[in-house]
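The values are calculated or read from the model by the stated rules, or taken from the named source; none is laboratory data. Everything numeric here is computed off the predicted structure, so don't read it as measured data. Cβ placement follows ideal geometry from the backbone for every residue including glycine, while neighbour counts extend to all protein chains displayed. For accessibility, only protein heavy atoms count, side chains too; no ligands or nucleic acids. Shrake-Rupley method; radii C 1.70, N 1.55, O 1.52, S 1.80 Å.
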Amino acid sequence: HSAPLPPHDDHPLASYVLRVNGVDRPVTDAWIGESLLYVLRERLGLAGAKDGCSQGECGACNVQVDGRLVASCLVPAVTAAGCEVRTVEGLAADGQPSDVQRALARCGAVQCGFCVPGMAMTVHDLLEGNPAPTELETRQALCGNLCRCSGYRGVLDAVKEVVAEREASSHTGDAETDADEVRIPHQAGPGSGGVNPSAFEAPGAFDTPPAGGVGYGNAPDPYGAPDAYGTPPHGTPGPHDPHDRHYGQDGGQA
């Protein structure tokens, strides 16, 4: 008689190593489909990233993978093996909060505290790619972070404070970044940041939205209503008004 076939396993397990905040953290016997957010919180005890929507819409779980901002709830943890993962716990230096974290607290951006870890990660990511963003660029970067408490104004003020502090403490003139190299968060292409391209099966799903006046992302508000940040529109919006272009995390209208 032939040997019986091994039972089919619908939930294969994997063991791998995640490098989180500069430290190698082994993960053993984990279901291969677990998200990076789940592994960080439940297996590694890093509860800073929050599970707000599980759909990549709220930004509360934002972390960096190889220097790229990602919604960790959408990243299979096993695809981040061998990458540099940075969480909100890794922003502090020598036990002291970063300048971004301190500014968020000073400016009243920290309310219930649920979404602010993702906010802090987004602001850090923004300033790493663009050390002196305009308010519009800051708002574009924050379009993927939902907050029901702060009203966003405190976050915008915090970014301005950090920029002013860094400029004042800088002794060199190399803080300026070529505008052509400024990176807007939330627009990394498939496979960017070291994530295996095979994890993205829909070609073009993560492409950068077109720059022209195409699609709903550039459509002005015909009624002149205040935006999500409570800021009234500047003048009457027109079809080419740059102040009325708000991009969401997926390139759609915020």
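For the stretch 13-87, report the translational diffusion coefficient in µm²/s to the nearest whole number, using Stokes-Einstein at 4 °C, 1.567 mPa s, and a Kirkwood Rh over Cα pairs.
Numbers: Rh = 11.9 Å.
For the chosen part, D equals 109 µm²/s.
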Hz values of 3J(HN,Hα) by residue in the stretch 21-35 - Karplus curve (6.51, -1.76, 1.60), Gly and Pro given as x: 6, x, 10, 6, 10, x, 10, 10, 6, 9, 4, 5, x, 5, 6
Quick one: which residues, 5+ away or cross-chain, put their amide H under 5 Å from the amide H of CYS83? H built at 1.01 Å from N. ARG19
With a 1.4 Å probe and all protein chains left in place, how much of the accessible area of the stretch 91-172 comes from carbon and sulfur atoms, in whole percent? 53
Residue by residue through the stretch 77-88, what is 3J(HN,Hα) from phi via Karplus (6.51 cos²θ - 1.76 cosθ + 1.60, θ = phi - 60°)? Round to whole Hz and write x for glycine and proline. 4, 5, 6, 8, 4, x, 9, 8, 9, 10, 10, 4
What FRET efficiency, computed as 1/(1 + (r/R0)^6) with R0 = 25 Å and r the Cβ-Cβ distance, is obtained for GLU42 and ALA92, rounded to the nearest 0.05? 0.65
Debye, to nearest 20: dipole size of the stretch 44-167, +1 on Lys, Arg Cβ, -1 on Asp, Glu Cβ: 340
Give me the distance in nm between label points sitting 7 Å out from Cα along the Cα-to-Cβ direction at THR134 and GLN55, one decimal. 3.2
Across the alpha-carbon set of the stretch 18-143, Rg over Rh with Rh taken as the Kirkwood radius works out to 0.96
Heavy-atom accessible area per residue - the stretch 38-104, 1.4 Å, Å²: 41
Sort 39-46, 51-58, 140-147 for me by packing, meaning the mean count of neighbouring Cβ atoms within 10 Å per residue, highest on top. 140-147, 39-46, 51-58
Describe numerically, in nm with one decimal, the distance between label points set 7 Å from Cα along Cα→Cβ at SER15 and at THR28. 0.6
By the gyration tensor of its Cα atoms, with a ≥ b ≥ c the square roots of the eigenvalues, what is the shape of the stretch 91-172: rounded for a/c under 1.5, prolate for a/b over b/c, or oblate? oblate
3J(HN,Hα) from dihedral phi, the stretch 155-161, Karplus parametrisation 6.51/-1.76/1.60, rounded to Hz, x for glycine, proline: 5, 4, 5, 5, 4, 4, 5
If amide H atoms are built 1.01 Å from N in the plane of the peptide, which residues on other chains or at least 5 residues away come under 5 Å of the amide H of VAL27? TYR16, VAL17, LEU18
Taking the Cβ-Cβ separation of GLU165 and GLN111 as r and a Förster radius of 30 Å, what is the calculated FRET efficiency to the nearest 0.05? 0.85
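For a protection proxy built on the mean count of beta-carbon atoms within 10 angstrom, sort 11-19, 69-77 highest first, please. Before the final figure, lay out each step's value.
Details: 11-19: 13.4, 69-77: 23.3.
Top of the packing list down: 69-77, 11-19.
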